[in-house]
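Notes follow the structure.
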């Protein structure tokens, strides 16, 4: 098997080396990520392990989604019960072992990714026990004052990180969030 080479490595290493990303760069990369996820969801496929380490940057710094080991073809509105993905990006329903909508767990991970791209930090402390993490999730206990980001971006993160998966947006609804709508003016050269 031959795969495309991604000379700029993964997004986690990129952010660790460069810190948080400027808004225009974030918008460009998040739009690429969401377009990729939309492609999957439109084909009834959930990735189930979206994280910075699974987003590679090609020679033009475009995102390539990788590692489909946990991906799943989902029929209808069937819920999943398999614990998969990474703790730092896992939606609350996955951490608690409840049946979950795998498409909505992808949306949660997109919210975590946007937060990290915006601040250079993870929003929740993965070293805490699951019960404390879930409590932080429920309260959306994020220290916004430590990491000033644009109000529209903050609102986008909050809409993506809704505790109840039933209330989280679909990938189509993500594109209707104000911060994502303004992407239309972003140049592909950002």
Worksheet item: Under a point spin-label approximation (7 Å from Cα along Cα-to-Cβ), what is the residue 155-residue 83 distance to one decimal in nm?
Response: 3.7 nm
Discussion item. For the pair residue 130/residue 166, report the inter-label distance in nm, with labels modelled 7 Å from Cα in the Cβ direction.
Written reply: 2.2 nm
Worksheet entry | Residues residue 122 and residue 96, FRET efficiency given R0 of 22 Å [Cβ-Cβ distance, rounded to 0.05] | 0.70
Worksheet item: Let a ≥ b ≥ c be the square roots of the eigenvalues of the Cα gyration tensor of the range 76-142; is it rounded (a/c under 1.5), or, if not, prolate (a/b larger than b/c) or oblate?
Response: oblate
Practice prompt. Quick one: grab the alpha carbon gyration tensor of the range 7-101, order the square roots of its eigenvalues as a ≥ b ≥ c, and give me rounded if a/c is under 1.5, else prolate or oblate depending on whether a/b is larger than b/c.
Written response: prolate
Discussion item. Can you tell me how the chain classifies by the Cα gyration tensor, rounded, prolate or oblate, using a/c under 1.5 as the rounded cut?
Written reply: rounded
Worksheet item: Could you give the length gained on full extension between residue 60 and residue 181, defined as 0.36 nm per residue of separation minus the Cα-Cα distance, in nm?
Response: 41.2 nm
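Only the coordinates and a few stated rules stand behind these numbers; no lab work does. What you are looking at is a predicted structure, and each value in this text was computed from that prediction instead of being measured. Cβ: placed from backbone, ideal geometry, glycine included. Neighbour counts: every protein chain shown.
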